[in-house]
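S.K.: I am attaching a structure below and will ask some questions about it afterwards.
Just so it is clear, none of the values below were taken in a lab; they were calculated from the coordinates. What you are looking at is a predicted structure, and each value in this text was computed from that prediction instead of being measured. Using ideal geometry, Cβ is built from the backbone for each residue, glycine included, and neighbour counts are taken over all protein chains shown.
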Amino acid sequence: MANLPFFSNDLLVAAKRGDKVAQFDLEHAYTFGFGVAQDYEQAAKWYELAAEQGSLGALNNLGNLYAAGLGVARDDLKANHWYRRAADRGYAEAQVSLGQSYAGSPEWTIPIAAP
């Protein structure tokens with residue numbers, strides 16, 4: 001498994017400066033509780049910031065949070081919006097997530113995606 005991001009003050013500073021890789025790493029720290037208390041609301045905040053900068057993994061993972069209602073209100077339309085943005089750019093995991101959503105798949109997991 002790849003090196004997983006752990007929360008650090010340096011990571012937080014870089015994320016606040018707008019570094020999309022740091023934002024993506026910070027969202028993973030909050031999603032999985034790596035070095036910080038697990039907090040899906042904080043994860044969603046950082047996923048969205050990284051997603052708006054074009055992080056394909058963040059686009060997909062934000063869709064996952066909306067699909068599961070973790071840290072945000074469950075909303076299939078918003079989930080599909082985020083999946084579609086990554087899928088349209090050729091991101092395979094988002095293409096699968098979008099297909100599963102359209103098929104009504106009841107299974108959902110948080111994948112660890114690259115920035």
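S.K.: Run down the aspartates and glutamates and flag those whose C-alpha is under 15 Å from the C-alpha of residue 78, throwing out any fewer than 8 positions away in its chain.
M.R.: Qualifying aspartates and glutamates at Cα under 15 Å: 48, 52.
S.K.: At 222 nm, what value in deg cm²/dmol follows for the chain if DSSP H runs of at least 4 each add -39500 (n - 2.57) and the sum is divided by all its residues, to the nearest 500? Write out the running numbers ahead of the final one.
M.R.: On the way: 6 runs with 71 residues, N = 115.
That calculation yields -19000 deg cm²/dmol at 222 nm.
S.K.: Let me know the charge dipole size of region 9-103 about its Cα centre in debye, to the nearest 20, where only the beta-carbon of Lys, Arg (+1) and Asp, Glu (-1) is charged. Write down the numbers at each step before the final one.
M.R.: Numbers: 9 positive and 12 negative charges, 39 e Å.
Computed charge dipole of region 9-103: roughly 180 debye.
S.K.: Please sort 10-21, 92-103 by packing, taking for each peptide the average over its residues of neighbouring beta carbons within 10 angstrom, highest first.
M.R.: Per-residue Cβ counts within 10 Å, averaged per peptide and sorted highest first, yield 92-103, 10-21.
S.K.: Please list 33-45, 50-62 highest first by mean number of surrounding beta-carbon atoms within 10 Å per residue. Spell out each step's value before the answer.
M.R.: Numbers: 33-45: 15.8, 50-62: 23.4.
Packing proxy ranking, top to bottom: 50-62, 33-45.
S.K.: Let me ask something else. log10 I(q)/I(0), Debye, Cα-only the chain, no solvent, q = 0.17, 0.20, 0.21 Å⁻¹?
M.R.: So the normalised log intensities work out to -0.73, -0.99, -1.08.
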